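First comes the structure, then the notes that go with it.
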């Protein structure tokens, strides 16, 4: 009898090891086709012609620098062997990002969560193997049989226990597959946390550099208006102009003074926010290259292959979530099928500890059992229906994540191209207004024109300079958004 059970157990174990796994395939089907918009379709022909003419008619040193900006500098995705951060060509930013990756608390939470899911996978995998334990008991008993006198006896028992569910239908394998896909999804969450952190640090750093330049422009404008105010006061003392003119100049000098205070406050707050991203107490941070130099150094592709977007962490996570949901459909189906298990005990039993391990004390139980769910009030059926519904939800989220990736990548490419066009126009405007202010000041000093021309020229130049710095930051910000949209790498998947 013992040999018969042993042979049956071996046969069932082989079948369990090679049996089929119930449920649908866990492979996520291909999402909707991906495409990208041609870069030349982003600007209307009339605007394109005007911007092209601006790129040609500029003169002087600024013309050379703007021509570098206007000329696209695409890089080969296949030959991109350097880190993305070198695209911005700012060693200070690279150092800040490296520090953030090492110290950021949210990223450390994501890393710890991966360790949690790795342990959960190990726990799920453990159900595939025999469960072996040891138990011991000592009891004092009394039994009565009919009219016979009570019988007293003691029992001391030590056994090794075995329980092994044979995964005949692949239920436990589906459970392990689901845990494995959950782990892979969390690894993508960790990768997404890294991409988001790099993007947040780069964006905050660019905004900080913008505020640096805004503050510098405001201080320079304030000094220029103070000089003009001093000249106006001298002319008022000489009786050339009225007090009203002087008060107008005083009012105009106060405007950049207020902006200096505003930009200084915003810069301090931005430094504090960036310090928190770095995982350190708020404080001053190092600076690198000015925005204008970073803009001229940027070299990004003008188009992105659609396959690259499928490597985004959020898309890959949605794909893993779908695979896990499909595996749990098989698990729910397996719960409705019979379960086959081997259980057994082997050990020693005596009336006392004396001679517990002698030859006559051996006891054992070997059992092959099967349990079939016959009636559960619809519980198992509805659990399977719920698993199917969750799989449908996961599939839709996967397809939506691909559409979102397409939108964000297209938005970033549009931002890069059109903001570059805007930079050309605004730089030309700044150059023209700087020359107009110089002429207005000369005319005013020579008494040819009124103070209104100087004030108008100062206002226009101040506003245009701030607008140019903002557009430079937006252009670099579009580069950061493109980095995030493609999942942190320019490289095509292999």
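No lab work stands behind these numbers, since they all come straight from the coordinates. Predicted model, so just to flag it, every value in this text is computed and none were measured. Don't worry about glycine lacking a Cβ; one is built from the backbone with ideal geometry, like all the others, and counts go over all protein chains shown.
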Query raised in the report: Ordered by packing density, taken as the mean number of other Cβ atoms within 10 Å over each peptide's residues, highest first, how do 152-161, 326-335 rank?
Result: 326-335, 152-161
Query - Protection-proxy order for peptides 414-424, 337-347, 176-186, each taking the mean of Cβ atoms within 10 Å per residue, highest first - result: 176-186, 414-424, 337-347
Requested in this report: Could you rank the peptides 431-441, 139-149 by their average count of other C-beta atoms within 10 Å per residue, with the highest value first?
Outcome: 431-441, 139-149
Query raised in the report: For region 434-494, how big is the tail of P(r) above 20 Å, as a whole percent of Cα pairs?
Result: 54 percent
Query raised in the report: With each label point set 7 Å from Cα along the Cα-Cβ vector, what nm distance links residue 127 and residue 234?
Result: 9.0 nm
Requested in this report: Just grab the label-to-label distance for residue 268 and residue 112, each label 7 Å out from Cα along the Cβ direction, in nm (one decimal).
Outcome: 3.3 nm
Query - More than 19 angstrom apart: percent of Cα pairs within region 234-310 - result: 70 percent
Report task. For region 338-381, restrict the atom set to alpha-carbon positions and state the Rg and Dmax in Å. Result -> 18.5, 54
**Report entry** Full-extension gain in nm, residue 119 to residue 425, via 0.36 nm per residue minus C-alpha separation
**Finding:** 104.5 nm
Report task. Round to the nearest 0.05 the FRET efficiency obtained for residue 242 and residue 463 when R0 = 30 Å and r is the Cβ-Cβ distance. Result -> 0.65
Requested in this report: Any chance you could check the Cα centroid distance between region 93-169 and region 398-426 for me, in angstrom?
Outcome: 51 Å
Query raised in the report: Measuring from label point to label point, each 7 Å out along Cα→Cβ, what is the residue 449 to residue 94 span in nm?
Result: 4.7 nm
